[in-house]
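Remarks on the structure that follows.
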Amino acid sequence: MIHLLALLGVLSISFSAVFVRLAAVSPVTATFFRGAYAAPILVLIWISQKARDRRGSRERWLAIVSGLILALDLNLWHESIALLGAGLGTVIANVQVVFVVAAAWLLYGERPTPGRIVTIAVVFAGVVLTSGLARHDAYGAQPVAGAVIGVMAGVTYAAFLLVYRHANRTPGPRSGPLLDSTIGMVAGALACAVFDPHFTFLPGLQADRWLVLLAVGSQVIGWLLIGTALPKLPVVETSVLLLGQPVFAVIWGVLIFGEQLSVVQWAGSAIVLAGVAVLSLRRG
């Protein structure tokens, strides 16, 4: 049952890039409404579980800070989706594992082994290939810029995960930290709105439909399922399951949007995913 919940959670968040692309709004607009539509639902869920939420003020503030970081991450990721496509944009964002390894070295003295350093180099080589090498057959409006921004999204995603992990150390309902993080995400999106000339509070009825699905499917259902199921699974299984998100995203990109990746980009995606899998398993 736990495996099924985890898989459903990963499947839910794998549609995030699809909903963002279908909404066709600016990056910050998508981030803002992902949080704004999810927050009221999370409030209702949290109220029903409030008695079991024993977090202190420090953990609550850490969750809010993680949301501020997540807002920046999502803004960058949404931009990379626009430039590179739903599939490749999601694949590159998963290089966050590389930056988690780097953070573990800098913060906790976990010096990477030679094998891990080689794997990191291979992952970045894969990222270069996903950019299409500026070839004429590369998919994406601006694939090289999209790859660079995608790596930046990976950096901020790693920072979010590290802070959010510290905010979840107290046992209790997952809705509490997720709600606080979502509130921080909304605040972060509003702070970034001044840098997005196309930000709007009125995206339109058609865009709203996809933004609601993004908020409910990814921010609420997906993250609650993952937050509930994954801590109960072995680390190796967790790492493998989480890799389902970029794999599914590539599939949806091909099936829904007809994203015709070049041979070079397909090879780059495979290298990135394989490298991320190796790094995840070794950290486990």
Notebook entry, point to check: Which ones in region 71-92 are buried (at least 24 other Cβ atoms within 10 Å of the Cβ), out of contact with any Ser or Thr (no Cβ under 7 Å at 6 or more places or on another chain) and not polar (S, T, N, Q)?
Noted result: Trp77, Ile81, Leu84, Gly85, Ala86, Gly87
Margin query: Would you confirm whether or not region 187-199 contains a residue that is more than 30 Å from Phe124 (Cα to Cα) and either within 16 Å of the chain's Cα centre (by Cα) or buried (at least 18 other Cβ atoms within 10 Å of the Cβ) (or both)?
Written below: yes
Note to self: Criterion first (of a type in the set (Val, Ile, Thr), at pLDDT 95 or above and either in a loop (DSSP other than H, G, I, E, B) or within 18 Å of Val25 (Cβ to Cβ) (or both)) does Val220 satisfy it?
What the structure shows: no
Notebook entry, point to check: How many residues, within region 1-44, are farther than 19 Å from Ser181 by Cβ and surrounded by fewer than 18 Cβ atoms within 10 Å (Cβ to Cβ)?
Noted result: 9
Check: Checking Phe160 against (1) among the hydrophobic types (A, V, I, L, M, F, W, C); (2) more than 27 Å from Ala38 (Cα to Cα); (3) in a helix (DSSP H, G or I); (4) in contact (Cβ under 8 Å) with a residue 12 or more places away in the chain, which test does it fail?
Finding: (2)
Notebook entry, point to check: What pairs can you find where one residue is in region 44-60 and within 12 Å of Ser175 (Cβ to Cβ), the other is among the aliphatic types (A, V, I, L, M) and modelled with pLDDT of 90 or more, and their Cβ atoms are less than 9 Å apart, with a gap of 6+ or different chains?
Noted result: Ile45/Leu178; Ile45/Leu179; Ile45/Val220; Ile45/Leu224; Trp46/Leu178; Trp46/Leu179; Arg55/Ala63
Item checked: First in region 8-28 and under 18 Å from Pro203 (Cβ atoms), second anywhere and assigned to a loop (DSSP other than H, G, I, E, B) and among the acidic types (Asp, Glu), Cβ under 8 Å, 6 or more apart -> Ser26/Asp196; Pro27/Asp196; Val28/Asp196
Notebook entry, point to check: Of the numbered conditions (1) in a helix (DSSP H, G or I); (2) in contact with an Asp or Glu (Cβ under 9 Å, 6 or more places away or on another chain), Tyr139 satisfies every one except a single condition; which is it?
Noted result: (1)
Next item on the list: Give region 194-228 a look and list any residue that's farther than 30 Å from Gly172 by Cβ and of a type in the set (S, T, N, Q), or say none.
Entry: Thr200, Gln206
Note to self: Being within 30 Å of Ser57 (Cα to Cα), surrounded by fewer than 17 Cβ atoms within 10 Å (Cβ to Cβ) and modelled with pLDDT of 90 or more is the filter here; which residues of region 135-183 pass it?
What the structure shows: none
Next item on the list: Keeping to region 102-136, report how many residues are among the hydrophobic types (A, V, I, L, M, F, W, C) and in a loop (DSSP other than H, G, I, E, B).
Entry: 0
Checklist line | region 41-61, residues that are part of a helix (DSSP H, G or I) and more than 17 Å from Gly184 (Cβ to Cβ) | finding: Leu44, Ile45, Ile47, Ser48, Gln49, Lys50, Ala51, Arg52
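The values are calculated or read from the model by the stated rules, or taken from the named source; none is laboratory data. Predicted model only: the values in this text are computed from it and were never measured. Here the Cβ is made from the backbone with ideal geometry for all residues, glycine too, and neighbour counts use every protein chain on show.
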